[in-house]
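Derivation of every value follows stated rules applied to the coordinates shown; laboratory data play no part. Just so we're clear, the structure is a prediction, and the values are computed from it rather than from any experiment. Here the Cβ is made from the backbone with ideal geometry for all residues, glycine too, and neighbour counts use every protein chain on show.
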Amino acid sequence: MLVFKASEDIRVYFKSRRSSIGLVPTMGALHQGHISLVKKACKENKYVVVSIYINPTQFNDDKDLEKYPVDLTKDQKLLSPYSNQIIIYSPEHKDLYPKGTQSNSYNFGSISKYMEGAFRPGHFNGVATVVEALFKKIKPNRAYFGEKDFQQFQVIKALNKQKKLGVKLISCPIVREKDGLAMSSRNQQLTSEQRVAASEIYKSLQMISSNQIEKNFFKMKQFFIDRVERTQALKVEYFCIALDTDLIPRTKLESKRNYRVFVAVLAEKTRLIDTVELKRMDYF
Ligand code: PAF
């Protein structure tokens, strides 16, 4: 499998191979969620660049960055079935940040303000900075992201539009473990007690989304907190319901609008996020 550390080598590689390029941006510690993006990208493009880069500017907590899992050998093994189409781009900081690892400053309005934007200050500026650099260096036709990071995807859509980057953005469904926990590189940081408790996140979200709880924001929130915090292995950081367009949290829900539930849950220092659609209903 081809592994490039410098984007210049990727540029040279593609110079004589003008064909469709799909980009799957990742921070490594790959799992089946990433592989679902890779599979889709391989179907839709001649070549697929999988970037593996732990982007320091999107971490607002140094400890979180320090303990972020890294295993390039395992990542390469997982990607090996697709090796005839894939190029791994695993850069040093200076390749993406020639002037030092600083974020640019963007204005994405309400979509970056709440939930992850509120609890991880600077996070979306960091994400947008690295994604802009990746898009400019790799020049993909399409780029693939997981729906677990729904808010991130809206930010990247806004970035793509604002900066006229011209990449077709594709959001792919969340891949879940058998018990429903959304796949995430961070899941491997969980203790066995936290891991068992974490299955409650999606189970509760499913009940909320399928309209089994009273149609009232505060009751849904309390229901979620009670269920998830039952074992004391987990603590709910936020439970928000927002329109899927402006991502502004609402407590009063109107009929026939498309809402989404967004949650972040802490297992000590490990953050788990998840999101589900709220099935359309009459909220009175
Ligand atoms: O979703 C991620 O893994 C990261 O935020 C991304 C898009 C690779 C940027 O570092």
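Here the dipole of the chain is about 1080 debye; that uses its Cα centre as origin and unit charges on the Cβ of Lys and Arg (positive) and Asp and Glu (negative).
By the compact-protein rule of thumb, 2.2 N^0.38 Å, the alpha-carbon radius of gyration of segment 179-263 corresponds to a ratio of 1.14.
Placing pseudo-labels 7 Å out from each Cα toward the beta carbon at residue 43 and residue 203 gives an inter-label distance of 3.2 nm. For segment 249-266, putting each phi into the Karplus relation 6.51 cos²θ - 1.76 cosθ + 1.60 with θ = phi - 60° gives couplings of x, 10, 10, 10, 9, 9, 5, 6, 10, 8, 9, 9, 9, 10, 9, 10, 10, 9 Hz, in residue order, rounded to whole numbers and with x for Gly and Pro. Entry note, the chain: relative contact order of 17 percent, from Cα contacts under 8 Å with a spacing of 6+ residues. Put in line by how crowded their Cβ is, counting other Cβ atoms within 10 Å and starting with the fewest, 262, 217 read 217, 262. Taking every DSSP bridge with both residues inside the chain, close to 50 percent are antiparallel. Put in order of Cβ neighbour count within 10 Å, fewest first, the listed residues 241, 213 become 213, 241. Residues 270, 26 in ascending order of nearby Cβ atoms (within 10 Å, fewest first): 270, 26.
For segment 1-81, the set of trypsin sites (Lys or Arg not before Pro) satisfying both a DSSP loop assignment and a count of at most 16 other C-beta atoms within 10 Å is given as 5, 17, 18, 46, 67.
Based on C-alpha pairs under 8 angstrom that are at least 6 apart in sequence, segment 137-274 has a relative contact order of 20 percent.
Please identify the longest segment of the chain free of exposed GluC sites (Glu not before Pro), where exposed means a DSSP state other than H, G, I, E or B and no more than 14 other Cβ atoms within 10 Å. Present the calculation step by step, with values, prior to reporting the outcome.
Numbers: sites that count: 92, 214, 254, 268.
No qualifying site falls inside 93-213, the longest such stretch.
State to the nearest 20 debye the size of the charge dipole of segment 52-170 about its Cα centre, where the only charges are +1 on K and R beta carbons and -1 on D and E beta carbons.
For segment 52-170, the charge dipole is close to 600 debye.
Taking the centroid of alpha carbons for each part, segment 4-55 and segment 56-121 are 14 Å apart.
In segment 108-193, what trypsin sites (Lys or Arg not before Pro) fall in a loop by DSSP, with at most 10 other Cβ atoms inside 10 Å? The qualifying sites are 164, 178. By definition, a body whose alpha carbon gyration tensor gives a ≥ b ≥ c is prolate when a/c is 1.5 or more and a/b is larger than b/c, and the chain fits this prolate description.
For the chain, hydrophobic long helices are taken as DSSP H runs at least 20 Å long by C-alpha position along their axis with mean Kyte-Doolittle hydropathy of 0.0 or more; these are 123-138. Helical runs assigned H by DSSP (4 residues or longer) give the chain a calculated mean residue ellipticity at 222 nm of -10500 deg cm²/dmol, each run adding -39500 (n - 2.57) before division by the residue total.
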